[in-house]
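The values are calculated or read from the model by the stated rules, or taken from the named source; none is laboratory data. None of the values given here were measured: they were computed from a predicted structure. All Cβ positions, even for glycine, are placed from backbone atoms using ideal geometry, and neighbour counts span all protein chains on display. In case anyone asks, the SASA skips ligands and DNA or RNA and just uses the protein heavy atoms, side chains included. Shrake-Rupley method; radii C 1.70, N 1.55, O 1.52, S 1.80 Å.
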Amino acid sequence: MPELIKINHPRGRFVGWHDESAIGTKRGSMGTTPGYARRRLGAKLKDGRKRLGWTLDQVAAEFGWDGSKVSRIENAKSPISRHDMVKLGTLYGFSTADLDSMEGWRENGRDVQWWASYRDILTGSYEELISLENEAARIVTATSCWIPGLLQVPAYARAVIAASPFVTDPDDASALVEIRTRRQKLLTDTSPVEYTALLGEALLHARIGSLDVHREQLAHLLQVSNLPNVEVLIAPFTAPFLIGGECSILEFATPDDPSVVYVEYQDGATFRETHRDLARFDRKLSRTRETCVTAEASRALIQARLDALT
C-alpha cells in the first residue's frame, strides 16, 4: 500500500498528498560523489524554498523541526531521509521527475568513495574538497605558498607535509601524500578536469625539500603543463601577485550547480559560496591571471629556472 504524506502550507492551508513509494522507481545511476550529491540536493531545496518566499523558520515550524535543521540540509551539513526529502519537495511544488533526481542525489550522498578509507585523518573540509574536485568541470587555483597539490610530485608533497607543525605522525604524513597523489588522476582521466594554476615566480625559486626534489618538481610542472586540459601560468617578479595562501574556484558542468570557492590557509580551510564571495574571488583570480605571462612564456620561465639548477 503506498505511503501518503500530508503536506500543508506554512500558514495552515492543505496542499495535498504525495505517494512517497513512487519516488525513485525510475532512477538510474547518477554517478556523483557524496559531498557533491548532498550539495546538489541542498541547493535544489534552497531554490525551491526561496522561489516561494518562505523562511527557514516557517518551513521548520511546519514540520515541527528544530530551527537549524532546514539550514543544515540546504548547506549539505546534514543528510536527509527519504521521507523528509519528499515532504520538503512536495511542499515546494516539485514534480515527480524532480523528486526522482533528488532521490538519486540523496542515495549517492551515502555512497562510499576511495577517500573513505582515509577518513580518520581527513578534515571535513578536505574530504568535501576531494568530493567536489571529482565533480568539477573546471578548477582555477592561485597560490603564493607552494605548488598546488594537484601538481605536486610525491617527494615535494612529503616535504610540504613534513614542514607542517600540524602533522606529526609519519604514518599520517604518508597517507596524506597518497591522498594527494590519488587526487591528481583528475588531470589524466578519460574525462579530465580543465585545470588552471596561477603561480608567482617566487615558487620556482623557493626550495621545498632537497635540490633533487626541487628539480623533479619543476620538471613535472613542465610535463603537466603540456596536457591539453592544464594551464600553468606564471606571474613574473615584476608583476604584483596579491594572493595570500591558496584559493580555488571550482565550476561544474550543470548550469544549476553554482561554483564554489575553496580557501586554504596555514592551519585550516573554508568554503565560500555566496554570490558576493563568488564575484569577489572571481575578480581576484581574473586580475591575478592578468598579471601572468602566456602559457608558452611561463614554460620558458620554468625551463630557465630548471636549467639554472642543473
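Overview of results
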| quantity | calculated |
| --- | --- |
| Pairwise centroid distance, computed over Cα atoms, of the range 191-214 with the range 46-77, Å | 43 |
| Rg over Rh, two decimals, the range 141-227 (C-alpha only, Kirkwood Rh) | 0.96 |
| Mean shadow area of the range 120-170 over all directions, Cα convex hull, nm² | 4.5 |
| Calculated [θ] (222 nm, deg cm²/dmol) that DSSP helices of n ≥ 4 give over the chain, each run adding -39,500 (n - 2.57) | -13500 deg cm²/dmol |
| Selection from Thr288, Val213, Val263, by position along the positive dipole direction of the range 204-310 (Cβ) | Thr288 |
| Residue pairs, from the table Lys46/Lys284; Lys44/Lys284; Lys46/Lys87; Lys50/Lys87; Lys44/Lys69, whose Cα atoms sit over 20 Å apart | Lys46/Lys284; Lys44/Lys284 |
| Dipole moment magnitude, nearest 20 debye, the range 118-215 about Cα centre, only Lys, Arg, Asp, Glu C-beta charged | 320 |
| The chain: radius of gyration and largest Cα-Cα distance (Dmax), Å | 22.7, 77 |
| Accessible area of the chain belonging to carbon and sulfur atoms, whole % at 1.4 Å probe | 50 |
| Cα lying deepest toward the dipole's positive end in the range 115-159, options Tyr118, Pro154, Ser131, charges on Cβ | Pro154 |
| Computed magnitude of the charge dipole of the chain (debye, nearest 20; Cβ of K, R +1, Cβ of D, E -1) | 780 |
| Cα-centred dipole magnitude for the range 248-310, charges only on beta-carbon of K, R (+1) and D, E (-1), debye, nearest 20 | 340 |
| Largest-first principal axis extents of the Cα set of the range 174-310 (Å) | 49, 36, 33 |
| Dipole axis of the range 96-238 (+1 Lys, Arg; -1 Asp, Glu on Cβ), positive-most option in Gln184, Ala235, Ala197 | Ala235 |
| Residues of the chain: accessible area per residue with a 1.4 Å probe, Å² | 49 |
